[in-house]
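The structure under discussion appears below in the form of structure tokens.
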Amino acid sequence: MNRVWDPLVRLLHWTLVGAVTIAWTSTLHIGVPGHWHETAGFVAMGAVALRVLWGFVGPRHARFASFVRGPLPTLSYLKLMRRGQAPRYIGHNPLGAWMVLALLLTLGTITFIGWLQTTDEFWGSEPLEAMHTVLAWGLLALIALHVMGVVHTSVHQRENLVRAMLNGRKRPKQAGDVD
Ligand code: HEM
Ligand code: HEM
């Protein structure tokens with residue numbers, strides 16, 4: 001088996017899933033204490049910051065330079081995907097890569113705005129509150145697309161990508177796969 005996702009990538013991923021779940025549910029009055037919101041939000045902020053740093057200094061498959069591709073390769077991946085001919089990627093595929101960036105950017109912005117709302121200068125600022133809320137809904141939409149993408153690729157490539165994000169391993173590269 002191929003080791004693809006290093007322990008920090010996996011730890012940060014599942015930390016983000018937990019922190020975002022707590023931050024979101026704490027606003028819904030369904031039993032998760034409201035005062036957990038900021039703590040969970042700051043945990044998410046730290047995880048995003050560390051993941052971005054890791055994207056420059058981490059091992060190969062964690063590096064942005066190894067998986068972020070330009071618009072043209074991404075479009076041709078999309079076309080192949082729609083024809084059911086998308087190749088298997090050992091790391092993130094080009095579409096998944098843009099989703100990774102979108103998730104990190106949205107989360108980074110939400111948590112930064114959330115933090116601003118706790119400062120004296122911006123406390124009670126309605127425009128910031130509105131942005132925070134709109135982005136939080138946008139994040140939910142991105143997460144839904146992200147999970148749909150994961151399920152789609154898992155089915156198409158006959159490989160459980162969620163398990164790979166847990167144990168770090170994927171089956172070895174074969175002819176036609178992109179590393
Ligand atoms: C709060 C919700 C979520 C956020 C913010 C999130 C964020 C991310 C990020 C940033 C990555 C890139 C990993 C890296 O290179 O560091 C990623 C990958 C991944 N996520 Fe999530 N994720 C979320 C929920 C989920 C859920 C619920 C699942 C399970 C279905 C999931 C499964 C995966 C998988 C399998 C990958 C690797 C995709 C690939 O093989 O290219 N994620 N996610
Ligand atoms: C994972 C990241 C976060 C998500 C998904 C998130 C989401 C939300 C949501 C959905 C609301 C409810 C808005 C409403 O009821 O109208 C909210 C409110 C709030 N959040 Fe966050 N938040 C995050 C991080 C943070 C952080 C890091 C802070 C500050 C440290 C923060 C501070 C606040 C404050 C002060 C409010 C109440 C004011 C308002 O309605 O905007 N949030 N957040």
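Every number in this text was worked out from the coordinates using simple rules, so none of it is lab data. Note that the structure is predicted; figures quoted are calculated from it, not measured. In this analysis, Cβ positions are derived from the backbone assuming ideal geometry, glycine residues included, and neighbour counts consider all displayed protein chains.
Multiplying the residue separation of L72 and V52 by 0.36 nm and subtracting their alpha-carbon distance yields 4.8 nm. Would you please give the FRET efficiency between K79 and A130, computed as 1/(1 + (r/R0)^6) with r the Cβ-Cβ distance and R0 = 41 Å, to the nearest 0.05? Rounded to the nearest 0.05, the efficiency is 0.65. For the chain, the relative contact order works out to 29 percent when only alpha carbon pairs closer than 8 Å and six or more residues apart are counted.
What net charge do the residues around H132 carry, taking every other residue with its C-beta under 15 Å from that of H132, with Lys and Arg at +1 and Asp and Glu at -1? Could the numbers behind the result be given before it?
Numbers: positive: none; negative: E38, E126, E129.
Taking every Cβ under 15 Å from that of H132, the sum is -3.
Annotation: amide H of V178 within the under-5 Å range of R88, Y89, I90, sequence separation 5 or more or interchain, hydrogens built in the peptide plane. The Cβ shell under 13 Å around S154 holds other residues with a net charge of +4, Lys and Arg each +1, Asp and Glu each -1. Taking each residue as 0.36 nm, the span from F42 to L166 lengthens on full extension beyond its C-alpha to C-alpha distance by 42.3 nm. Alpha carbon centre of the range 91-112 versus the range 2-68: separation in Å? Centre-to-centre distance over Cα atoms comes out at 11 Å.
Potential lengthening of the chain between A141 and F112 amounts to 8.5 nm, from the contour at 0.36 nm per residue minus the alpha-carbon distance. Counted over all Cα-Cα pairs of the chain, pairs farther apart than 29 Å make up 27 percent. A crude spin-label estimate for the pair V151 and L28, with each label 7 Å from Cα along the Cβ direction, gives 1.7 nm.
Evaluating 6.51 cos²θ - 1.76 cosθ + 1.60 at θ = phi - 60° for every residue in the range 148-158, the Karplus couplings come out as 4, x, 4, 5, 4, 5, 4, 5, 4, 8, 6 Hz, glycine and proline recorded as x. Of the residues L139, L12, L78, the one that moves most in a GNM of the chain with alpha-carbon contacts below 10 Å is L78. Given the options M45, M99, M148, state which has the largest fluctuation in a GNM of the chain using a 10 Å cut-off (strictly under) for Cα springs. Looking only at M45, M99, M148, the largest GNM fluctuation is found for M148.
Considering only alpha-carbon pairs that sit under 8 angstrom and 6 or more positions apart, the relative contact order computed for the range 67-126 is 31 percent.
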